[in-house]
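The values are calculated or read from the model by the stated rules, or taken from the named source; none is laboratory data. Please read these numbers as outputs of a predicted model, since none were measured by experiment. So basically every Cβ, Gly included, is an ideal-geometry build from the backbone, and we count neighbours across all protein chains shown.
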Amino acid sequence: MKKKNIVKSLAAALSVVVCLTGCSGGTGSSGSSGSTPAGSPSDGSSVNDATGGVSDSDTTLKWALESDIVSLDPIYAYDTTTNLVVVQLVESLLYINTDGSISPMLASDWKCVDDKTYVYTIRDDVSFSDGTPMTVEDVIFSMERNMGSESDSYVAWMFDSVDSIEKTGDWEITVHLKNPDAFWQYVPATTGGAVISKAYYEEHKDNYGTASGGVMATGAYKFDHWTNGSEIVLTANENYWDKSAPCDFKTIDYTIITEDTTRIAALKTGQTDLSVNVSVDMIGQLADATNLDINSVHAYRIDHLAFNTEKAPFNDKNVRKAICYAIDAENLVNSVYGEYGVPGSGLLFGDALYTIGSAEDWQKFADTLDNYSYNIEKAKECLAASAYPDGFDCRLAVSNISYYQSMAVYIQSALSAIGINVSVEQHTYDEMITIQFGNMLDADGVKDYDMGLFDWQADFPDPAGNVRPILISSNAGAGGSNTSSFRSDAADELFAKENNSVDEAERVELIKEYSEIILDEVPIYVLAFSNQSFAVNKRMKVDLGPLYFWDLTAKDFTLA
């Protein structure tokens, strides 16, 4: 599916002072102080006000983000920073629980009539945050924004199988698929199933999802303000329909702290309560923080080196293979990740995603794969067989997250041994998202990077969830998640066959078949299957899971 380029708001570089003073306990201002309130304990534990009640500072959730967000609009909420904000504001038809099961949300019930027909009963008691009722028309409008060849939605690929969405009852919609789709059962629980106010959108088309336009949806929180590069503030939605939700926090104050050590300091002093992307090499610095719990979740995540296959020299498969053989991934991962990650296996998913078929069978298959084990002689042989036997100069894009910088330095040194001179280019995390989704192009309209260190996390508890989105040809254009611009007719044919199958055993065999094609073509090299690490202030309780970017909603957080 072709996707158009969109303009993103990139965060300005932040100084330490800005980072630590962007957190406010109130709303309605964009420059209030974030220092610890007078009389508050420095370890971040909660305090009561003079009357014995809960103070305003206690009911403000102070959330640290490592970068600015892309947009408030749910069709662009497809990264692990933007989603942490957007899912507080918008809700979807369904909800993925931390164990991977699905529960009702804006749909009170749903059923699969047959392999190509899904019926959803829509709640009739939901209002948007401005008090206007949510209608079935709002639901259909919101979902259809992800459809069509001109859609620039980041999750448009999830709708490739959808033929139509129609109203089939007063409070019922039916989704008709062109063909069976193994992923569709999960899509309405992502931002693809998020519902916004059609009327509000049509009034704010020119600035919807921006700091000036905001968003109108059904979530437990509503948008207050967004100071680009500094902070985002949400406040409790007084019209929220689900009265059973705890909603202990009345305000969410996101502070954007791009520097790892500054973010760690803010957590330790209690200036922030929560960070969900703690760099693996920084976890040790939190060990003595008595105010924090450190949680590590066995995630659906791959950390990988992506090659831009639509530009030389990375359009040469032998070049890509030479680079993989020249990197001692096992040594690199063991030294950088420690207990929080394991080296890649040749598959594009780790054992957390052995969710169909037999885990034992998947492991046996993974053990048969040669994942380019470190071999400098093979690296030289592959480079000699390429069009660039004497080496070349290239660039490696990397985020300012500290452990990625360590990996970049290692890769730079390793490739110099075979005559490849790597220049490391550091970017902010949100700039890396722009590169990853093909929205940073050169003068020829080609993605403006040579190699890049990226992470990807499966959207669903399914082994294909790490493969199809980042390698299917239809996602190779601007706005698509096929970062490497990999195109393979043979792989696409297998992707489609596997996606259309309702037979689990057949899907397993097809995933194995296209995994071998991808391993041979090596458009990306999986370095590690890594855990997701969270730092949470002990003053609150949070339920964490591998799909936190869909299900981590503050309405369910409780004060300890």
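Quick notes on this structure:
- Test: ALA366 is surrounded by 16 or more Cβ atoms within 10 Å (Cβ to Cβ), touching a residue at least 12 places away in the same chain (Cβ under 8 Å), of a type in the set (A, V, I, L, M) and touching a strand residue (DSSP E or B) at 6+ places or on another chain (Cβ under 9 Å): no
- Looking at TYR410, TYR372, TYR388, just one residue is under 17 Å from ASP303 (Cα atoms), at pLDDT 95 or above, not hydrophobic (A, V, I, L, M, F, W, C) and not in a helix (DSSP H, G or I), and that residue is TYR372.
- Answer from ALA306, ALA352 - the residue that is within 25 Å of LYS512 (Cβ to Cβ), part of a helix (DSSP H, G or I) and either outside the structural domain of THR80 (by TED's automatic domain parsing) or at pLDDT below 95 (or both): ALA352
- Whenever a residue of segment 520-531 is acidic (Asp, Glu), its partners that are assigned to a loop (DSSP other than H, G, I, E, B), lying with C-beta atoms within less than 8 angstrom and at least six residues away or across chains, give the pairs GLU521/PHE486; GLU521/SER488.
- Filter result (of a type in the set (Gly, Ala, Ser), surrounded by 18 or more Cβ atoms within 10 Å (Cβ to Cβ) and over 15 Å from LEU415 (Cβ atoms)) within segment 314-351: GLY341, GLY344, SER345, GLY346, GLY350
- Among the residues of segment 249-286, the one identified as of a type in the set (Phe, Trp, Tyr) and outside any strand (DSSP E or B) is PHE249.
- Helices (runs of 4 or more DSSP H) wholly inside segment 481-560 containing at least 3 residues that are more than 23 Å from SER101 (Cα to Cα): 489-500, 504-521
- Only one entry in ILE524, ILE518, ILE511 is within 22 Å of the chain's Cα centre (by Cα), modelled with pLDDT of 95 or more and not assigned by TED's automatic domain parsing to the domain that holds THR251, namely ILE524.
- Taken residue by residue, segment 207-217 has no member that is among the hydroxyl-bearing types (Ser, Thr, Tyr) and in contact with a Leu (Cβ under 6 Å, 6 or more places away or on another chain).
- Taking the listed residues GLY452, GLY438, the one that is in a strand (DSSP E or B), farther than 30 Å from ILE102 by Cβ and among the small types (Gly, Ala, Ser) is GLY452, with no other qualifying.
- Residue match in segment 436-445 (condition: modelled with pLDDT under 90, farther than 17 Å from VAL187 by Cα and under 15 Å from the mean Cα position of the chain (by Cα)): yes
- SER423 surrounded by fewer than 23 Cβ atoms within 10 Å (Cβ to Cβ), of a type in the set (Gly, Ala, Ser), outside any loop (DSSP other than H, G, I, E, B) and in contact with a Cys (Cβ under 9 Å, 6 or more places away or on another chain): yes
- Any hit, segment 318-341, residues being of a type in the set (Ser, Thr, Tyr), at negative phi and touching a Gly at 6+ places or on another chain (Cβ under 8 Å): no
- Tabulated pairs, segment 171-184, first assigned by TED's automatic domain parsing to the domain that holds TYR118 and over 19 Å from ILE102 (Cα atoms), second outside any loop (DSSP other than H, G, I, E, B) and of a type in the set (A, V, I, L, M, F, W, C), C-beta under 8 angstrom, 6+ apart or interchain: TRP171/ILE122; TRP171/VAL136; HIS176/VAL162; HIS176/ILE165; LEU177/VAL162; LYS178/VAL162
- Any hit, segment 489-497, residues being crowded, with 17+ Cβ neighbours inside 10 Å, hydrophobic (A, V, I, L, M, F, W, C) and touching a residue at least 40 places away in the same chain (Cβ under 8 Å): no
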